[in-house]
Amino acid sequence: MATHFHLDTPLLESVSMSKRVGTPVYLKMENAQPSGSFKIRGIGLLCQQLTSQSKGVVCSSGGNAGLAAAYVARKMGVPATIVVPSSSSQLVVQRLWDQGATVKIAGKVWDDANAEALRLQETDGLAYVPPFDHPLLWQGHASIIAEVAASLGPGAKPGAVLVSVGGGGLLCGVAQGLKDAGWTDVPILALETVGADCFNAAVKAGRLVTLDDITSEAKCLGAKTVCRRAFEYSQSGELTVISELVTDQQALSAVETFLDEERVLVEMACGAALAAVYSGLIRRLQDEGRLPALLGPLVVIVCGGSSIDMEQLTHLKHKLQA
Ligand code: PLV
């Protein structure tokens, strides 16, 4: 039997968020995973298939996929090289070192770091771990929805599931999980920040779009092109996927409100999903008829993220309020 690196996370009812949207809001607390985010689910599964014949793993990441890969590699006794762009914070680099990983900094955004990781796969014979574009990652992430179904109990069904989108791996996993649960009528609300909006740009254009640059502070949402499978979900009609944007200010304000009300600190990438509740977006989508007026319980994937501490929070406040 395969080892699991991830934990079953709690599904918490948020009284304050429920009050805001007028329907029960449940938080899937992926911040509580080892390595600080949902990424451990898919990466744990993928690494087990990859590492037996390799000299180690190499993962390109904005931070959290790398932390998951470094954690799993350490548990498996395999060396990990994590390639991050210069936009990743020193905080993340330190946390990667703490996991025993070798850290390389390459380029300005994740796409540059990924090119370097693919090069190292060739030159150093390392097993390449992608952060979001792989069926095994989606299969691993799909376990989130299986756990939600078990926690909600028989007969209960979410009114919608809220996810943040970077490269689209979480979205594909949640979509897979909804299909597995027979919940194809449950809409996914996919949130990105302005300036890290490759999924929204693709949905609007009706084709994959590569952004010129990542200008959002939500660096872990900063892939320039969303994975093809995520785009296909938005087009195929298998499920309803609603793509919406929030500003960096809204994401940051969501991080602060979440800290105050739920006593949990998450990074900007996660703040994007939380902002859908705090900014009034849910109500607006109901008013527009894009979500039903009588909405079932909302499930928010609290994807987590390690690229945050009090110092980073203060820094972001100064930067975004300026
Ligand atoms: N972060 C990826 C991609 O970065 C990474 O390398 O860690 N929430 C958090 C906290 C994340 O770290 C990420 C992805 C997401 C959400 C979005 O997940 P995705 O990429 O599967 O859509 C460039």
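Tabulated data
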{"quantity": "Odd one out for Arg263 among (1) under 18 Å from Gly36 (Cα atoms); (2) within 16 Å of the ligand (Cβ to nearest atom)", "calculated": "(2)"}
{"quantity": "Selection count where residues are without any contact (Cβ under 8 Å) to a residue 60 or more places away in the chain and open to solvent by 40 Å² or more (accessible area, probe 1.4 Å), scope the stretch 211-227", "calculated": "2"}
{"quantity": "Residue selected from the stretch 35-56 under the condition open to solvent by 10 Å² or more (accessible area, probe 1.4 Å) and within 15 Å of the chain's Cα centre (by Cα), by the criterion farthest from Val300 (Cα to Cα)", "calculated": "Ser35"}
{"quantity": "Matching entry among Val300, Val246, Val255 (being crowded, with 23+ Cβ neighbours inside 10 Å, within 24 Å of Asp185 (Cβ to Cβ) and at pLDDT 95 or above)", "calculated": "Val300"}
{"quantity": "Set Leu50, Leu11, Leu67: member being more than 12 Å from the ligand (Cβ to nearest atom) and modelled with pLDDT of 95 or more", "calculated": "Leu11"}
{"quantity": "Every residue from the stretch 307-322 that is over 12 Å from Gln249 (Cα atoms) and open to solvent by 100 Å² or more (accessible area, probe 1.4 Å)", "calculated": "Met310, Glu311"}
{"quantity": "Matching residues, the stretch 286-312, being farther than 25 Å from Lys19 by Cβ and within 16 Å of the ligand (Cβ to nearest atom)", "calculated": "Gly305, Ser306, Ser307, Ile308, Asp309, Gln312"}
{"quantity": "Condition broken by Pro24, with the remaining ones in (1) open to solvent by 10 Å² or more (accessible area, probe 1.4 Å); (2) over 30 Å from Leu291 (Cβ atoms) satisfied", "calculated": "(2)"}
{"quantity": "Selected residue (only one of Leu274, Leu221 is touching a Gly at 6+ places or on another chain (Cβ under 8 Å) and within 12 Å of the ligand (Cβ to nearest atom))", "calculated": "Leu221"}
{"quantity": "The stretch 57-88: number of residues that are over 13 Å from Lys104 (Cβ atoms), small (Gly, Ala, Ser) and surrounded by fewer than 24 Cβ atoms within 10 Å (Cβ to Cβ)", "calculated": "2"}
{"quantity": "Cβ-Cβ under 6 Å pairs, at least 6 apart or on other chains, the stretch 123-142 side under 15 Å from Ser37 (Cβ atoms), far side surrounded by 22 or more Cβ atoms within 10 Å (Cβ to Cβ) and of a type in the set (Val, Ile, Thr)", "calculated": "Val129/Val57"}
{"quantity": "Boolean, Leu265 is modelled with pLDDT of 95 or more, open to solvent by less than 20 Å² (accessible area, probe 1.4 Å) and in the same structural domain as Met29 (by TED's automatic domain parsing)", "calculated": "no"}
{"quantity": "Residue check, Gln286 in contact (Cβ under 8 Å) with a residue 12 or more places away in the chain, open to solvent by 20 Å² or more (accessible area, probe 1.4 Å) and in a helix (DSSP H, G or I)", "calculated": "no"}
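The values are calculated or read from the model by the stated rules, or taken from the named source; none is laboratory data. From a predicted model like this one, the values you see are computed outputs, not experimental measurements. Please note: Cβ atoms are built from the backbone with ideal geometry, for glycine as well, and neighbour counts cover all protein chains shown. Accessible surface areas use protein heavy atoms only, side chains included; no ligands, DNA or RNA. Shrake-Rupley method; radii C 1.70, N 1.55, O 1.52, S 1.80 Å.
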